Amino acid sequence: MKKIYLVLFSALAVTTASAQNKFNLLVGTYTNTCQSNGIYVYEFDAVSGDFKLKSSSENVVSPSYLSVSADNKFIYAVNENGTHSTVSAFGYDSGSGKINFLNKNDALGADPCHLINDDKNVIAANYSGGNIVVYKKNTDGSISEVQQLIQHEGKGPNAARQEKAHVHMVAFSPDKKFVLSNDLGLDKVFIYKYNPNSKNEILTLKGSVDVKPGSGPRHLTFSKDGKFVYLIQELDATLTTFSYDKAGTLKVIAETSILPKGFTGGTGAAAIKISPDGNFLYVSDRVDANSIAVYKVLKNGSIELVEQVSTLGKGPRDFAIDPTGNYLLVGHQYTNDIVIFKRDITTGKITDTGKRIQLCSPVGLVFTKI
């Protein structure tokens, strides 16, 4: 009898381990430049780096950024389509990968480019509209019409890119008490107090922090302990480190550039992510650079450059690290592929596996459990 139990236990352990090494990779795409169904779901093996297509949405317009609910049952997407932009809600079956359209509502601002969600609300950043919009979640996972709109006003010194406000990101603080928002047009990071249960005062302004004029703040990420924030600025490739406390206070403590010494080409810094163990920071750059800079995160929050690596494609607008930390996947907007890099967990360095996922204009990548 003991042998039977041991065999069953071993089989269960193997099955569980196998399940923990497989994840769904969700990919949001632009649909206006090549043939795309919108959102794609791949099964990804975090041991081998292998993948297979499971499902896709149907006729979804440019879902360029995705946010998955904490219970893994719903996907929220921006539909980046100029003045006709919307935000959409989908049911999501992680086992089959099936995506079921629930509803969409007007973004009330052109070109939403980022969004977040919790059990109460969906919050989106409108880039061209220069505003933040908040939707309430319905019990079935669908979204209400916009319940709050916060309009940013002003401009920056770069006449071509900072002629007005351009909200590029919204992000929850680790304790969900605040929402941080980067405005590329104003060179500011705004801090909003988060009131999840309020009807239409969900976000109330606490304050803002200025960054270098003309730098264009784009995306940020928190350190694993929540004491530091790392911000990448799109227009001049500045990487800024802030201290952060539980009162929602940001203070600039360091600045560096992600550009290689002597680099003279065009830059368009894009995504910034921290490794699952919190030990390494990764930042992508586009235009002529098309690279990822890798930094080691030290205990005091400071960073040290490890390497700068070509992403082997054009337009690395987004990338994702799988939950085990074994692989880093880069989506290329213009060369229409996802390049799969193996990641050294000890050194943080990445190397090309030769594996590629070919699809139209992948620009938003997120891993979920199956």
Selection within the range 76-89 - open to solvent by less than 30 Å² (accessible area, probe 1.4 Å), under 18 Å from the mean Cα position of the chain (by Cα) and of a type outside the set (Gly, Ala, Ser): Tyr76, Val78, Asn79, Val87
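For the range 72-95, check the following and say yes or no: at least one residue is basic (Lys, Arg) and farther than 21 Å from Lys193 by Cβ.
Yes, the conditions are met somewhere in the range 72-95.
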Unmet requirement for Val189, which otherwise passes all of (1) of a type in the set (Val, Ile, Thr); (2) surrounded by fewer than 22 Cβ atoms within 10 Å (Cβ to Cβ); (3) more than 17 Å from Val68 (Cβ to Cβ): (2)
Residues that are of a type in the set (A, V, I, L, M, F, W, C), more than 19 Å from Leu329 (Cβ to Cβ) and assigned to a loop (DSSP other than H, G, I, E, B), drawn from the range 288-298: Leu298
Gly301, sole failed condition from (1) in a loop (DSSP other than H, G, I, E, B); (2) open to solvent by 10 Å² or more (accessible area, probe 1.4 Å); (3) within 21 Å of Gln233 (Cβ to Cβ): (2)
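Select from the range 94-112 the residues that are open to solvent by less than 10 Å² (accessible area, probe 1.4 Å) and either polar (S, T, N, Q) or on the phi < 0 side of the Ramachandran plot (or both) and list them in ascending order.
Selection gives Ala107, Pro112.
Has the range 168-185 got any residue that is among the charged types (D, E, K, R), within 22 Å of Ser85 (Cβ to Cβ), part of a strand (DSSP E or B) and in contact with an Asp or Glu (Cβ under 9 Å, 6 or more places away or on another chain)?
No, the conditions are met nowhere in the range 168-185.
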Matching option when the condition is of a type in the set (Ser, Thr, Tyr) and closer than 28 Å to Asn79 by Cα, among Thr347, Thr353, Thr335: Thr335
Conditions (1) among the small types (Gly, Ala, Ser); (2) open to solvent by less than 60 Å² (accessible area, probe 1.4 Å); (3) under 21 Å from the mean Cα position of the chain (by Cα); number of the one not met by Ser310: (2)
Residue list for the range 312-347, filter: in a loop (DSSP other than H, G, I, E, B), in contact (Cβ under 8 Å) with a residue 24 or more places away in the chain and out of contact with any His (no Cβ under 7 Å at 6 or more places or on another chain): Leu312, Asp322, Pro323, Thr324, Gly325, Asn326, Gln333, Tyr334, Asn336, Ile345, Thr347
Hey, Gly141 open to solvent by 20 Å² or more (accessible area, probe 1.4 Å), more than 17 Å from Met169 (Cβ to Cβ), more than 18 Å from the chain's Cα centre (by Cα) and among the small types (Gly, Ala, Ser) or not: no
Residue pairs meeting the criteria (Cβ under 8 Å; at least 6 apart or on separate chains; first under 21 Å from Ala270 (Cβ atoms), in the range 173-195; second open to solvent by less than 20 Å² (accessible area, probe 1.4 Å) and charged (D, E, K, R)): Asn182/Arg218; Leu184/Arg218; Leu184/Glu234; Val189/Asp183; Phe190/Asp183
Any chance Lys164 is within 25 Å of Asp71 (Cβ to Cβ) and either free of Cβ contacts under 8 Å to residues at least 40 places away in the same chain or not in a strand (DSSP E or B) (or both): no
Single unsatisfied condition, Gly156 versus (1) touching a strand residue (DSSP E or B) at 6+ places or on another chain (Cβ under 8 Å); (2) assigned to a loop (DSSP other than H, G, I, E, B): (1)
Tally of residues being touching a residue at least 60 places away in the same chain (Cβ under 8 Å) and touching a Gly at 6+ places or on another chain (Cβ under 8 Å) across the range 112-161: 4
Qualifying position, being open to solvent by 10 Å² or more (accessible area, probe 1.4 Å), of a type in the set (Lys, Arg) and either in contact with a His (Cβ under 6 Å, 6 or more places away or on another chain) or within 20 Å of Ser181 (Cβ to Cβ) (or both), among Lys136, Lys54, Lys73: Lys136
Flag if Val146 is within 29 Å of Lys224 (Cα to Cα) and either crowded, with 22+ Cβ neighbours inside 10 Å or out of contact with any helix residue (DSSP H, G or I) (no Cβ under 8 Å at 6 or more places or on another chain) (or both): no
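The values are calculated or read from the model by the stated rules, or taken from the named source; none is laboratory data. Because the structure is a prediction, the values reported are computed rather than measured. Counting neighbours? That spans all protein chains shown, and the Cβs are built from the backbone with ideal geometry, glycine included. Heads up: the accessible areas ignore ligands, DNA and RNA and are worked out on the full protein's heavy atoms, side chains in. Shrake-Rupley method; radii C 1.70, N 1.55, O 1.52, S 1.80 Å.
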